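Read the structure below first, then the notes.
The values are calculated or read from the model by the stated rules, or taken from the named source; none is laboratory data. Just so we're clear, the structure is a prediction, and the values are computed from it rather than from any experiment. Here the Cβ is made from the backbone with ideal geometry for all residues, glycine too, and neighbour counts use every protein chain on show. Note: areas computed on protein heavy atoms with side chains; ligands, DNA, RNA excluded. Shrake-Rupley method; radii C 1.70, N 1.55, O 1.52, S 1.80 Å.
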Amino acid sequence: MLYAVKLCIQYDYSFASVKRELGYPKQNSSLDQWLTEYQAHSDLKQKSSREPKYSAEQRTEAINHYYDHGRCVSRTVRMLGYPSRTLLKQWLLEEHPEDFPSCSHSSPLVRLSEEQKEQAVVDFCSGEKSAQEIADEYNVSRCSLYNWKHQLLPEGSPTQMSKVSTHAAFDSQPNQIEELQSEVASLSAEAEELKKQIHRLKLEKDVLQKAAEIIKKDQGTSLNTLTNREKAIVIDALRSTYQLKELLNVVHMAKSSYCYQKQSMNVPDKYEDAREQIRRAFTESYESYGYRRLHVCVKKEDGTNYSEKVIRRLMTEENLVVKRSKRKKYSSYQGEITPAVENLLHRDFHADKPNEKWLTDITEFRIPAGKVYLSPIIDCYDGLPTAWTIGTSPSAELVNTMLDEAILALKDGEHPTVHSDRGCHYRWPGWIERMEKNGLTRSMSKKGCSPDNSACEGFFGRLKNEMFYNRSWADVTINEFIEILDQYIHWYAEKRIKVSLGGLSPMQYRRAQGLAA
């Protein structure tokens, strides 16, 4: 309390400064009472004989900790567990006042002379401007303006002014009117300039919105990134709203360039047929063909040999994008049921003739209606799915039935090597018995090494990326999905072209080689 009283006297009896620096007392009446008592007795009475909450040793320890650990009040209170931050600040001020200099009093930000105050009151009394307008003009508050009025025009004598007469004030009205007229003209010019800026901003906004709507450009795209053809399309869409000169100015385009683009857009598109062929081939391929296979499709359909760059550009203009997704694959490994056999392929998936090397595996499809499993046989000669079965359970029947169908397609003297992973289906007695009975050779990948069977994994990846991923199967039943999957595999074998086979499907390639009817 004594420190607060002394600080109050030092700050010219400013209660607010004392409370802002010390954080106490909360009431001005308390500080006023202490000050009165101090002025009467030159000291403050000890009104309570209660022992202090913290001992002198604790006080000294807290102060030392503050200076030894970075001079942080919050850290000191947190580490020691006492006292409050306000009390610690009080101890520090009492022990080391030189480390906490008092706040300096700043002068008012706005200083007006007596003549300026009187002129503000004259302007207010003239009634030509509102109080707020005059306050804004002199950069003061309305409260200050009214205070000046009450000082210069006391109650009962509204026409009396201390240092200026109303007659002299109103003599200056013509000059004030001229100044006001000049200010009005300046504001009008500024308003016109703002209207032009608003019109310009609205024009730029409309151009960007049209670019997003018509030519599928993002609204955040800069106007400088648009091509001249795209700019011409946007300008044509806004010609009914804005002048051509304004539009050309905002998109930074010469009128000659606009006229050239307008003329070129009226010329028939020489790639119109190619666009239609590309769209049709892309749709029929489950949206899976890239530019290389679309290039083959266009060349085969009408014999036109467009470059691959043209095909890529047309795909971009038609917004034909092949979607890709990576998902976790199904694993059928259930431990070492029977002894594993040797890997005979060693990742050599090349075959000189059909039915020389076969690959097999199981993959899983998860749809809202349930799970579906596919077990195919893939021929290394051309990637043809020789046989496949589809079911709702990864059982021994699924793989054994698939193997039986593949064996029926073999000719006399054909005994392929069948490579698989170490899944339980290929180590059960039924599978082993069928392999031995038909003279087929077993081969297995290393445990957990998918690259050992990468050709079959590649077939699954292409199948899911082209037919399964990025599509909604919410309203598709299990039977409907099985039918869709079976149709895709037939299309894969009969029609889906492979660049490595010269732009032919596996069956078309075999027919061209005289290996199939």
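Considering segment 295-307 alone, what residues qualify as being surrounded by 13 or more Cβ atoms within 10 Å (Cβ to Cβ) and without any contact (Cβ under 8 Å) to a residue 24 or more places away in the chain?
His295 - this is the single residue of segment 295-307 that is surrounded by 13 or more Cβ atoms within 10 Å (Cβ to Cβ) and without any contact (Cβ under 8 Å) to a residue 24 or more places away in the chain.
State all residues of segment 461-483 that are among the hydrophobic types (A, V, I, L, M, F, W, C) and closer than 25 Å to Gly383 by Cα; if no residue qualifies, say none.
Within segment 461-483, Leu463, Met467, Phe468, Phe481, Ile482 qualify.
Among residues belonging to segment 393-419 that are modelled with pLDDT of 90 or more and in contact with a helix residue (DSSP H, G or I) (Cβ under 6 Å, 6 or more places away or on another chain), point out the one that is most open to solvent (accessible area, probe 1.4 Å).
Filtering segment 393-419 for residues that are modelled with pLDDT of 90 or more and in contact with a helix residue (DSSP H, G or I) (Cβ under 6 Å, 6 or more places away or on another chain), the one most open to solvent (accessible area, probe 1.4 Å) comes out as Asn400.
Starting from residues that are at positive phi and open to solvent by 80 Å² or more (accessible area, probe 1.4 Å), keep the ones in segment 5-42 and report whichever is modelled with the highest pLDDT.
Tyr13
Looking only at residues in segment 360-375 that are surrounded by fewer than 23 Cβ atoms within 10 Å (Cβ to Cβ) and either touching a Gly at 6+ places or on another chain (Cβ under 8 Å) or touching a residue at least 60 places away in the same chain (Cβ under 8 Å) (or both), which one is nearest to Glu405 (Cα to Cα)?
Filtering first and then ranking leaves Tyr373.
Determine whether segment 202-216 contains at least one residue that is part of a helix (DSSP H, G or I), open to solvent by 100 Å² or more (accessible area, probe 1.4 Å) and modelled with pLDDT of 80 or more.
yes
Name every residue in segment 243-285 that is among the β-branched types (Val, Ile, Thr), surrounded by 10 or more Cβ atoms within 10 Å (Cβ to Cβ) and not in a helix (DSSP H, G or I), in order of residue number.
Val251
Would you be able to tell me the number of residues in segment 502-517 that are in contact (Cβ under 8 Å) with a residue 24 or more places away in the chain and surrounded by fewer than 16 Cβ atoms within 10 Å (Cβ to Cβ)?
Of the residues in that region, 1 qualify.
Sort out which residues of segment 347-359 are of a type in the set (Phe, Trp, Tyr) and buried (at least 21 other Cβ atoms within 10 Å of the Cβ), and write them in order of number.
Trp358
With the requirement that a residue be closer than 21 Å to Ala409 by Cβ, open to solvent by 20 Å² or more (accessible area, probe 1.4 Å) and either in contact (Cβ under 8 Å) with a residue 60 or more places away in the chain or touching a strand residue (DSSP E or B) at 6+ places or on another chain (Cβ under 7 Å) (or both), what does segment 433-457 give you?
Thr441, Arg442, Ala455
Going by what's in this entry, would Leu109 be described as modelled with pLDDT under 85, surrounded by fewer than 14 Cβ atoms within 10 Å (Cβ to Cβ), among the aliphatic types (A, V, I, L, M) and out of contact with any Lys or Arg (no Cβ under 7 Å at 6 or more places or on another chain)?
Here the answer is yes, as Leu109 does meet what is asked.
Give segment 474-500 a look and list any residue that's more than 16 Å from Thr386 (Cβ to Cβ), aliphatic (A, V, I, L, M) and touching a residue at least 24 places away in the same chain (Cβ under 8 Å), or say none.
Across segment 474-500, the qualifying residues are Ala474, Val476, Ile478, Ile482, Leu485, Ile497, Val499.
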